[in-house]
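Asks: Provided herewith is a single structure, encoded as structure tokens, for subsequent inquiry.
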């Protein structure tokens with residue numbers, strides 16, 4: 001499951017949010033390093049819901065400071081489903 005989460009989140013960040021594969025490291029900060037704004041966060045939330053079946057709010061996604069934080073959040077949500 002974790003490989004699926006990681007692969008899917010990486011795919012979302014690269015394909016849906018137009019980031020390069022080099023930018024999408026675990027320690028990359030979503031806002032400060034990757035430059036995600038509120039529109040990108042909303043797109044990310046929708047993509048995560050559609051592809052992984054996990055409900056997140058923009059606020060929760062924004063609270064996830066890094067790519068690794070976002071992965072942990074999604075995994076935690078999947079564990080409760």
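The values are calculated or read from the model by the stated rules, or taken from the named source; none is laboratory data. Model, not experiment: these values are computed from the prediction. Here the Cβ is made from the backbone with ideal geometry for all residues, glycine too, and neighbour counts use every protein chain on show.
Asks: How many of the residues making up the stretch 63-81 are outside any loop (DSSP other than H, G, I, E, B) and under 10 Å from the mean Cα position of the chain (by Cα)?
Replies: The qualifying residues number 9.
Asks: A follow-up question, please. Checking residue 6 against (1) part of a loop (DSSP other than H, G, I, E, B); (2) within 11 Å of the chain's Cα centre (by Cα); (3) surrounded by 14 or more Cβ atoms within 10 Å (Cβ to Cβ): exactly one of these is not met. Which one?
Replies: (1)
Asks: So is residue 56 farther than 15 Å from residue 15 by Cα, touching a helix residue (DSSP H, G or I) at 6+ places or on another chain (Cβ under 7 Å), part of a helix (DSSP H, G or I) and free of Cβ contacts under 8 Å to residues at least 60 places away in the same chain or not?
Replies: Criteria not met by residue 56.
Asks: So, one more: Which residue is modelled with the lowest pLDDT, if the candidates are limited to the stretch 24-53 and must be in a helix (DSSP H, G or I), in contact with a helix residue (DSSP H, G or I) (Cβ under 8 Å, 6 or more places away or on another chain) and buried (at least 18 other Cβ atoms within 10 Å of the Cβ)?
Replies: Here the answer is 41.
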